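Worksheet: one structure, shown below.
The values are calculated or read from the model by the stated rules, or taken from the named source; none is laboratory data. All values reported here derive from a predicted model rather than from experimental measurement. FYI the Cβ positions are ideal-geometry reconstructions off the backbone, even for glycines, and counts take in every protein chain you see. Just so you know, the surface numbers come from the protein's heavy atoms only, side chains and all, with ligands and any DNA or RNA stripped out. Shrake-Rupley method; radii C 1.70, N 1.55, O 1.52, S 1.80 Å.
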Amino acid sequence: MRKASRSFLEAVVSAPSPSGYEGPARKVWKKEVERYAHEVTVDLHGNAIAVYNKGGKPRVMFAGHIDELGFQVAHVSDEGYIFFNTIGGFDMGIVPGRKVRIHTASGPVLGLIGKKPIHLMGGDDRRKVLETQDLFIDIGAKDGKEAKKAIAIGDPITYDPNFEVLRRDQLVARGFDDKMGAYIAAEVLRCVSQSKKKVKASVYAVATVQEEIGLRGARTSTYGIDPLVGIALDVTHATDYPGMDKRRYGDIKIGAGPDIARGANINPVVFDRLVGAAK
């Protein structure tokens, strides 16, 4: 991976962007694509749209959603603990104990997600599936008055940034779903702009918003661009780890290249062209 591309990827996944609050990550993405796009705009919904060779034919759109899962402040107790709702769908079993940042008007505030200690739970409580009301965020405030000075009801929350190298070229980070797709859309535009062969198509790269709560930005940006070909870039589940049934989910390996979707929702001509290019 190019050093500049690596820096861009780290910056975009580290910037907070829970659905409806994509501004910081969009700013990073927009600054990057402005270097090689012919035009970059942000629509009323918040989708960032970059185009190369505007006016060319056909219009080809690459879209990756730049929003991520998150939380939102719902209540502050008299003791200074913060209760929250989710933005998007979570596996609540992996939420407790995580470091989070509450994104306030004055800047991010560090917090820890806590729950009742397992040592103080009875048998039924230990087997209970956690719900949001069973969890809270501790920001170290002595009471509710101090906590309310630091944060406001409705402030968005994300996990702490954690971009790291797992091994060799394997990276881990919060928000790869799907800032990785938005990153690839930008990289496609860069490669097209730097190609020695002049492209005939009008190429659009789009960082869409609010996917985690209903594919919203993908719909509005597509209506605005009206492409002949649309290619969605997103993540999927690998199946090369314990417990996965390859008979049901297929044989998907990390490091073996991208997956190409096939099925009733996939245009067969576009599918064949993508597979041909990959081969």
Hey, can you tell me all the residues within region 139-181 that are within 14 Å of residue 72 (Cα to Cα) and among the acidic types (Asp, Glu)?
155
Of the residues in region 37-51, how many are open to solvent by less than 30 Å² (accessible area, probe 1.4 Å) and either of a type in the set (Ser, Thr, Tyr) or assigned to a loop (DSSP other than H, G, I, E, B) (or both)?
3
Residue list for region 165-194, filter: at pLDDT 95 or above and either more than 17 Å from residue 28 (Cα to Cα) or loosely packed, with under 13 Cβ neighbours inside 10 Å (or both)
191, 192, 193, 194
Residue that is modelled with the lowest pLDDT, among those in region 126-142 that are exposed (fewer than 10 other Cβ atoms within 10 Å of the Cβ) and touching a Gly at 6+ places or on another chain (Cβ under 9 Å):
129
Identify all residues within region 107-139 that are over 25 Å from the mean Cα position of the chain (by Cα) and free of Cβ contacts under 8 Å to residues at least 12 places away in the same chain; write none if there are none.
117, 118, 119, 120, 121, 122, 123, 124, 125, 126, 127, 128
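Table: residues versus (1) within 24 Å of the chain's Cα centre (by Cα); (2) loosely packed, with under 10 Cβ neighbours inside 10 Å.
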| residue | (1), (2) |
| --- | --- |
| 237 | yes, no |
| 241 | yes, yes |
| 249 | yes, no |
| 256 | yes, no |
| 261 | yes, no |
| 266 | yes, no |
| 270 | no, no |
| 276 | no, yes |
| 279 | no, yes |
Write out, first by first residue and then by second, each pair whose Cβ atoms fall under 9 Å of each other, whose residues are 6+ apart or on separate chains, and whose first residue, in region 143-164, is without any contact (Cβ under 8 Å) to a residue 12 or more places away in the chain while the second is outside any loop (DSSP other than H, G, I, E, B) and surrounded by 13 or more Cβ atoms within 10 Å (Cβ to Cβ).
164/171
Which condition from (1) in a strand (DSSP E or B); (2) surrounded by fewer than 22 Cβ atoms within 10 Å (Cβ to Cβ) is the one that residue 11 breaks?
(1)
Residue in region 24-36 that is open to solvent by 60 Å² or more (accessible area, probe 1.4 Å), out of contact with any strand residue (DSSP E or B) (no Cβ under 9 Å at 6 or more places or on another chain), in a loop (DSSP other than H, G, I, E, B) and farther than 17 Å from residue 181 by Cα present:
yes
Determine whether residue 21 is open to solvent by 50 Å² or more (accessible area, probe 1.4 Å) and not basic (Lys, Arg).
yes
Restricting attention to region 59-66, does a residue exist that is in a loop (DSSP other than H, G, I, E, B) and within 23 Å of residue 219 (Cβ to Cβ)?
yes
Could you check region 87-115 and list, in sequence order, the residues that are outside any strand (DSSP E or B) and either surrounded by fewer than 13 Cβ atoms within 10 Å (Cβ to Cβ) or not charged (D, E, K, R) (or both)?
88, 89, 90, 91, 92, 93, 94, 95, 96, 97, 105, 106
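This table checks each residue for (1) basic (Lys, Arg); (2) at pLDDT 95 or above; (3) within 18 Å of residue 232 (Cβ to Cβ).
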site	(1), (2), (3)
28	no, yes, no
31	yes, yes, no
34	no, yes, no
37	no, yes, no
42	no, yes, no
45	no, yes, yes
49	no, yes, yes
52	no, yes, no
62	no, yes, yes
